[in-house]
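The values are calculated or read from the model by the stated rules, or taken from the named source; none is laboratory data. None of the values given here were measured: they were computed from a predicted structure. FYI the Cβ positions are ideal-geometry reconstructions off the backbone, even for glycines, and counts take in every protein chain you see.
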Amino acid sequence: MDGILELKEKLNNGSVTSDMLFNNSINLAKKYQDEYNSFVTIVDNYEKIDSDSKISGIPYALKDNVSTKGILTTASSNILSNYVPVYDATVYKKLKDAGALLMGKTVLDELAMGGTGMTGHTGIVRNPWDSSRQIGGSSAGSAASVALGIVPFAIGSDTGDSIRKPAAYGGVVGFKPTYGRISRYGLFAFASSLDHLGVFARNVRDVAIVTDIVKGHDIHDMTSLPDDDREYSTLIDNDVKGKKLFYIKEALENNDNDVELAKILDNFDKVKEKCTSLGIEVCEESISKDLLQAIYPTYMSISCAEVTSNDANLTGIHFGVRGEGNSPEEIIKDARTKGFSELIKRRFVLGSYILQKENQEKLFLNACRVRRMIVDKINELFKEYDGIIMPAAAGIAPKFGQKSDKLSDKYLILDNHMVIGNFGGYPSITIPSGFIDNMPVGINITGRVMEDDVVLNIANKIEGTMEYANQIAKEMK
Amino acid sequence: MYKTVIGLEVHCELKSNSKNFSSSKNGYSTIPNSNVSVVDLGMPGILPVVNKEAVKNSIKMALAMNCEVPKYLTFERKNYFYPDLPKGYQITQFKHPIGTNGYVMINVDGVDKKAFIHDTHLEEDTASLDHYNAYSLIDYNRCGVPLLETVTEPCLNSADEAVAFLEALRSIFLYCDTSYARSDRGQIRCDVNVSLMREGDTELGTRVEMKNINSFSSVREAILCEVARQTDILDNGGKVLQETRRYDENSNMTYTMRSKEDAIDYRYFTDPNLPPIKIESDWIEEIRKEIPRLQYERSLVYINDYGISRKDATTIVREKNISDYYEECIKLGGDPVLVCNWLTGSVIGNMNKLGMNIKDITLLPGMLVDLIKMISDGKISGKQGKEVLEKALETGKEPSKLVSEMGLSQIVDENEIRNIVLEVIKENLSLVDDYKAGKRVFDYFIGQIMKKTRGRANPVITSRILKEELEK
């Protein structure tokens with residue numbers, strides 16, 4: 001399936017027009033909408049902006065938690081079912097100015113909270129490779145739109161692996177850069193200290209091209225990094241011989257002889273061999289199991305606390321769906337009771353509880369300390385290694401209704417290790433690495449803060465040793 | 001009898017071009033929702049950006065109140081739901097306020113006292129609500145305006161001390177030019193905490209909070225009202241309930257708002273969108289240099305060194321511009337007491353009559369000093385001086401010009417005066433006999449001389465010469 005460079009070449013030599021590309025995306029989106037439900041909104045038209053950027057004239061999809069002036073933005077929540085923003089997110093503005101064509105807003109887990117793609121207010125998102133399975137989340141629709149070949153790239157957000165996990169389940173590339181690399185201005189906040197915007201595409205080069213466009217210092221975001229004046233798309237072909245990566249021993253134990261996990265580990269072994277063939281050294285390192293098991297509860301604690309505060313603006317008073325009642329308290333309560341799903345309410349209750357005066361020290365501040373301990377441990381290892389390499393998930397995309405043991409090591413550790421990338425703000429990418437039971441699987445590479453180009457470089461080279469780049473789930477008719 | 005213990009939390013809007021965390025205008029407007037941005041409205045996806053000028057003004061105030069300034073600028077979120085708070089939280093400072101452990105000097109009835117400051121911290125203001133029968137209207141103009149909250153220790157012991165503190169604090173804001181501090185525009189507001197202590201008690205009594213009192217006179221009334229209420233409870237053997245009460249100006253009574261049990265837990269935590277910013281000591285020193293000498297210090301000099309009364313000193317220091325004017329006059333050689341009398345009397349009196357501000361008048365300090373010197377030198381009389389001053393303020397003309405225009409320069413030449421005296425005596429010979437007979441006709445002669453000279457004859461010299469001639 002054509003990536004950005006191929007499409008750009010066709011645009012340049014006149015064999016296609018941006019109109020054709022745009023309409024093709026719209027048509028595919030409509031064709032697959034009923035079965036896979038990737039979109040909340042499919043737009044009718046685009047504004048032609050003159051630009052000589054590498055993505056000018058290229059259609060793309062944007063997760064529906066990114067502010068787009070004049071276009072409905074719901075965060076897949078009923079409380080925002082009527083919300084039309086009056087300002088543009090910086091990431092959207094940059095893509096617009098670069099001449100890229102927004103063709104739709106994609107479904108997410110409500111308010112970006114979730115990892116199944118099943119909790120959006122317009123329904124569940126199905127996995128393009130097997131519609132009886134989820135594609136994960138929260139950037140479910142963005143991942144699916146790329147996996148279906150509707151668009152060559154899409155924008156998602158990643159707070160606890162919400163780009164990198166659905167990328168693995170969807171057989172596409174998903175990149176979360178260093179915290180602050182892409183401005184968060186206009187991204188509906190979930191957990192401000194963990195939120196990142198990022199890119200889906202079908203190969204690493206395309207991801208690098210788009211990242212080059214959307215990264216950069218933003219005066220509207222005080223957590224945004226100064227410009228690094230590096231063009232990632234030119235740095236991804238560097239030789240990676242001599243790079244050192246580690247994987248976490250405790251995360252890859254299979255004491256119960258789980259069949260699926262064994263296949264995951266097998267696939268990982270193959271990737272390690274590919275690394276060796278590139279001259280990349282891959283070693284095993286040990287991290288205490290206590291610390292690894294603490295990742296998920298720490299993440300839940302911090303993210304629920306922050307989101308309770310971040311989503312306190314959703315009252316229906318000055319935007320969104322207005323509630324009913326005889327006092328402001330009643331009106332706010334009504335809007336929020338009707339507007340949020342049970343899962344969201346649960347997280348808000350948890351977050352409120354965690355931040356209460358008598359609990360904060362033990363539940364919130366301790367979680368912040370554990371986060372610091374995890375990051376310190378990784379930074380210590382990063383003195384010797386250029387990155388972490390791990391399977392992106394403990395298995396293939398689960399079937400709808402499939403039960404899993406949330407307290408098992410397999411879930412706690414192997415299905416959640418990518419949160420490390422959010423805790424420390426490390427650049428982190430998932431690339432497809434094969435198939436198990438006809439479902440795609442992926443591996444994750446996480447590097448030092450600010451070394452986005454190194455992570456993309458390593459991923460690009462490893463991708464080059466395999467044949468999973470540019471794949472899509474369905475053949476175009 | 002009980003000792004009254006008062007603590008104040010004063011909220012004051014700071015001056016700056018734009019709001020504390022957004023680029024919309026920080027300015028008074030009568031058109032609702034005209035200075036509003038998406039950031040102020042807390043729309044989904046917005047982020048705060050710190051306003052350096054607001055931070056600078058808050059540091060200036062912290063230093064002017066003798067506070068310690070922290071190494072890093074940090075902010076916390078105060079979380080609660082109310083329609084005037086669109087984000088559902090207020091960005092404020094909780095852990096490391098911009099100023100701590102300071103004090104403000106106050107003077108009540110001639111007694112100096114240090115009013116201790118627990119902390120002063122920078123935060124953002126809320127929207128304003130107008131309540132009607134069936135609906136309420138929200139105006140977000142004020143939402144996000146930089147607000148400095150100053151919290152005293154419970155160290156004030158009377159309504160007078162509380163008001164003195166408020167006035168001293170407002171003066172600091174005005175002298176430092178960090179706020180307009182107008183009560184009538186809601187730019188300075190106060191929460192008052194009152195408790196009573198019995199003689200001999202070592203622990204503070206139960207405190208009651210009264211919220212959002214909007215004028216200094218209301219603060220006085222509210223305190224008196226609350227002290228009376230608590231006194232009544234304690235006298236009758238009851239216990240004061242820890243609660244928040246609302247003061248109603250119209251009925252001069254306080255009403256329960258919420259009790260301790262309903263007290264809100266604001267779940268303060270550090271705002272993750274605002275990374276800590278290092279406050280460089282160079283910058284602090286630069287800001288410190290901008291602080292002018294303040295009201296209290298100037299008063300001390302005026303009273304102790306210049307010898308003017310406390311009442312007059314208070315009048316002069318009330319406005320920095322007046323105080324600066326006064327000091328300029330003295331620098332130019334004016335006598336401190338004379339200048340004070342003229343300033344607090346004729347100058348301010350006429351300015352008020354004409355509705356002018358001392359910034360607007362063309363009577364420069366040098367001109368006032370010259371005018372006073374003209375009187376001391378005897379060139380014109382005090383009465384004439386007052387006339388000239390009034391005209392100078394009215395017309396904007398220089399006093400020296402006016403003196404010539406009005407033909408007012410005094411006659412001090414003795415020969416000239418003697419001639420006129422002799423003239424008048426000659427015209428009123430019969431009265432000379434009356435004078436010698438002891439009748440009170442001296443003033444009539446003076447009057448006639450003044451009439452002939454159009455008031456310009458120097459009174460002292462005239463009196464002397466007249467007496468001389470009459471006695472001959």
Flag if A:Gly141 is of a type in the set (Gly, Ala, Ser) and closer than 23 Å to A:Lys69 by Cβ: yes
Name, by its number, the condition in (1) in contact (Cβ under 8 Å) with a residue 40 or more places away in the chain; (2) hydrophobic (A, V, I, L, M, F, W, C); (3) in contact with a strand residue (DSSP E or B) (Cβ under 9 Å, 6 or more places away or on another chain); (4) within 14 Å of chain B (Cβ to nearest Cβ) that does not hold for A:Ile79. (3)
Verdict on B:Val50 being surrounded by fewer than 21 Cβ atoms within 10 Å (Cβ to Cβ) and aliphatic (A, V, I, L, M): yes
For segment B:269-291, which residues satisfy the criterion of being in contact (Cβ under 8 Å) with a residue 12 or more places away in the chain and assigned to a loop (DSSP other than H, G, I, E, B)? B:Asp271, B:Asn273, B:Leu274, B:Pro276, B:Ile279, B:Glu290, B:Ile291
If you go through segment B:74-87 one residue at a time, how many are touching a Gly at 6+ places or on another chain (Cβ under 7 Å) and either within 15 Å of A:Gly316 (Cα to Cα) or in a loop (DSSP other than H, G, I, E, B) (or both)? 3
Hey, A:Val321 hits all of (1) within 14 Å of chain B (Cβ to nearest Cβ); (2) assigned to a helix (DSSP H, G or I) but one; which does it fall short on? (2)
Working carefully through the options A:Ile248, A:Ile264, find the one that is in contact with a Pro (Cβ under 8 Å, 6 or more places away or on another chain), under 19 Å from A:Leu414 (Cα atoms), among the β-branched types (Val, Ile, Thr) and touching a residue at least 40 places away in the same chain (Cβ under 8 Å). A:Ile264
Identify the residue in segment B:98-120 that is aliphatic (A, V, I, L, M) and in a strand (DSSP E or B) and, among all such residues, is nearest to B:Pro272 (Cα to Cα). B:Ile117
Residue count for segment B:232-259, restricted to those that are outside any strand (DSSP E or B) and within 36 Å of the chain's Cα centre (by Cα): 8
Taking segment A:25-76 only, how many residues are within 23 Å of A:Ala147 (Cβ to Cβ) and away from chain B (no Cβ under 14 Å)? 27
Can you name every residue in segment B:68-85 that is out of contact with any helix residue (DSSP H, G or I) (no Cβ under 6 Å at 6 or more places or on another chain), under 24 Å from B:Leu137 (Cβ atoms) and not charged (D, E, K, R)? B:Tyr80, B:Tyr82, B:Leu85
Over segment A:84-103, the set of residues within 14 Å of A:Tyr46 (Cβ to Cβ) and buried (at least 24 other Cβ atoms within 10 Å of the Cβ) is A:Tyr92, A:Leu95, A:Ala100, A:Leu101, A:Met103
What are the residues in segment A:397-417 that are of a type in the set (A, V, I, L, M, F, W, C) and touching a helix residue (DSSP H, G or I) at 6+ places or on another chain (Cβ under 7 Å), if any? A:Ala397, A:Leu412, A:Ile413, A:Leu414
Hits in segment B:248-272 (condition: touching a Lys or Arg at 6+ places or on another chain (Cβ under 8 Å) and surrounded by 13 or more Cβ atoms within 10 Å (Cβ to Cβ)): B:Thr254, B:Met257, B:Asp265, B:Tyr266, B:Arg267, B:Tyr268, B:Phe269, B:Thr270, B:Asp271
Just give me the residues in segment A:66-117 being under 13 Å from A:Ser157 (Cβ atoms) and in contact with a Pro (Cβ under 8 Å, 6 or more places away or on another chain), in sequence order. A:Ser67, A:Thr73, A:Ala75
Considering each of A:Asp239, A:Asp221 in turn, give the residue that is within 14 Å of another protein chain (Cβ to nearest Cβ) and among the acidic types (Asp, Glu). A:Asp221
Residue under question is B:Lys95, and the condition is that it be farther than 18 Å from B:Phe116 by Cα, touching a helix residue (DSSP H, G or I) at 6+ places or on another chain (Cβ under 8 Å) and part of a loop (DSSP other than H, G, I, E, B); does it hold? no
Sort through A:Thr298, A:Thr337, A:Thr308 and tell me the only one that's polar (S, T, N, Q), in contact with a helix residue (DSSP H, G or I) (Cβ under 7 Å, 6 or more places away or on another chain) and either more than 11 Å from every other protein chain (Cβ to nearest Cβ) or part of a loop (DSSP other than H, G, I, E, B) (or both). A:Thr298
Among the residues that make up segment B:288-302, is at least one of them over 30 Å from B:Arg220 (Cβ atoms) and β-branched (Val, Ile, Thr)? no
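Inspect all residues belonging to segment B:51-69 and state whether any of them is within 11 Å of chain A (Cβ to nearest Cβ) and more than 23 Å from the chain's Cα centre (by Cα).
no
From A:Ile396, A:Ile388, which residue is outside any helix (DSSP H, G or I), under 30 Å from A:Tyr36 (Cβ atoms), away from chain B (no Cβ under 11 Å) and among the β-branched types (Val, Ile, Thr)?
Within the list A:Ile396, A:Ile388, the selection yields A:Ile396.
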Write out, first by first residue and then by second, each pair whose Cβ atoms fall under 8 Å of each other, whose residues are 6+ apart or on separate chains, and whose first residue, in segment B:34-49, is more than 7 Å from chain A (Cβ to nearest Cβ) while the second is surrounded by fewer than 23 Cβ atoms within 10 Å (Cβ to Cβ) and modelled with pLDDT under 95. B:Asn35/B:Gly27; B:Asn35/B:Ser29
Return the residues of segment B:209-231 that are in a strand (DSSP E or B) and touching a residue at least 40 places away in the same chain (Cβ under 8 Å); say none if nothing qualifies. B:Met210, B:Lys211
Verdict on A:Phe188 being in contact (Cβ under 8 Å) with a residue 60 or more places away in the chain and within 14 Å of another protein chain (Cβ to nearest Cβ): yes
Taking segment A:403-457 and keeping only residues that are among the basic types (Lys, Arg) and either modelled with pLDDT under 95 or in a helix (DSSP H, G or I) (or both), one is left with A:Lys403, A:Lys406, A:Lys410
Restricting to segment B:292-329, count the residues that are of a type in the set (Lys, Arg), in a helix (DSSP H, G or I) and surrounded by fewer than 20 Cβ atoms within 10 Å (Cβ to Cβ). 3
Please state which one of B:Ile420, B:Ile446 is surrounded by 19 or more Cβ atoms within 10 Å (Cβ to Cβ) and either touching a residue at least 60 places away in the same chain (Cβ under 8 Å) or of a type outside the set (S, T, N, Q) (or both). B:Ile420
Segments classed as helices (runs of 4 or more DSSP H), wholly inside segment B:360-472, with at least 1 members that are touching a Pro at 6+ places or on another chain (Cβ under 9 Å) and closer than 30 Å to B:Gly345 by Cβ: B:365-376, B:382-395, B:442-452
May I ask you to list pairs of residues, at least six apart or on different chains, whose Cβ atoms are under 8 Å apart, with the first in segment B:292-311 being free of Cβ contacts under 8 Å to residues at least 24 places away in the same chain and the second being among the basic types (Lys, Arg)? B:Ile303/B:Arg310
